[in-house]
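For reference, the structure discussed in these notes is given below.
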Amino acid sequence: SRVAPRVFVGGAAAARDGPALAAASITHVVNAAPSLPNWFEGGGGGGGGDGAPPRSYLRVDVFDGGASALDPHFAPVTSFIDAALAEHPGNAVLVHCVAGASRSVTLAAAWLASSSGATADAALAAVAAARPVAAPHPGFVDQLRAWVEGGCGKAAAPSLPSPLRRPLPRAASAGAVRSRSPDENAAPARLPSAKSAAALASLPASDRVEGGAGEWAAPSE
């Protein structure tokens, strides 16, 4: 899903699809799923034989659960994306996790907020508009809001004007990204699609946090 010029969000099926990555000119990848390999690191060969230029990876080892801290990775991910886009006008970035619904969506929203001056809710809503399966963990949403309200780790908040700077109503934006409240953590999340669910069936064991009360039910078969 294209969330901004040269910036895409997806799941495991997209991350291992060499021809699709080549078609989208993906040169840099943020892998936010500890259980998934960097399928095409260092080159287009990597099992896909797509002939694409070498790919650079940034790994974000964060599990999709209530006890996970994604916010320490917001700044490194935004810097990685900014550097990739500035390096060459032909570069493009894929941010992915397993389902392309929670970690990847939150990280992409962090970059969008940092680069455009958007509020956290507006950035999440913008990503969700391009990625309808977006369903970030409510804990990640809270972390993103705190990070953005704190200036995205910068000395001062961005001053660049942007239509995204207009805050969305909290209720509207929460509905747009379908983030569940902690009381609803036990409810299963909707599957991205039958096709995506079938693709996930052949993946390694889930990289969700195991054990512990009140965990989030990530998309699964």
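The values are calculated or read from the model by the stated rules, or taken from the named source; none is laboratory data. Since the model is a prediction, treat every value here as computed from it, not as a measurement. Glycine gets a Cβ as well: all are built from the backbone with ideal geometry, and neighbour counts include every protein chain shown. These accessible areas exclude ligands, DNA and RNA; they are computed on the full protein's heavy atoms, side chains included. Shrake-Rupley method; radii C 1.70, N 1.55, O 1.52, S 1.80 Å.
See the values below:
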read-out	value
Some residue of the range 153-173 being buried (at least 24 other Cβ atoms within 10 Å of the Cβ) and at pLDDT below 95	no
A146 being closer than 28 Å to P19 by Cα and open to solvent by 40 Å² or more (accessible area, probe 1.4 Å)	no
From V7, V62, V30, residue being at pLDDT 95 or above, within 15 Å of the chain's Cα centre (by Cα) and under 23 Å from P138 (Cβ atoms)	V30
Matching residues, the range 72-103, being of a type in the set (D, E) and buried (at least 20 other Cβ atoms within 10 Å of the Cβ)	none
Qualifying residue in the range 130-138 (condition: part of a helix (DSSP H, G or I), open to solvent by 10 Å² or more (accessible area, probe 1.4 Å) and out of contact with any Lys or Arg (no Cβ under 7 Å at 6 or more places or on another chain))	no
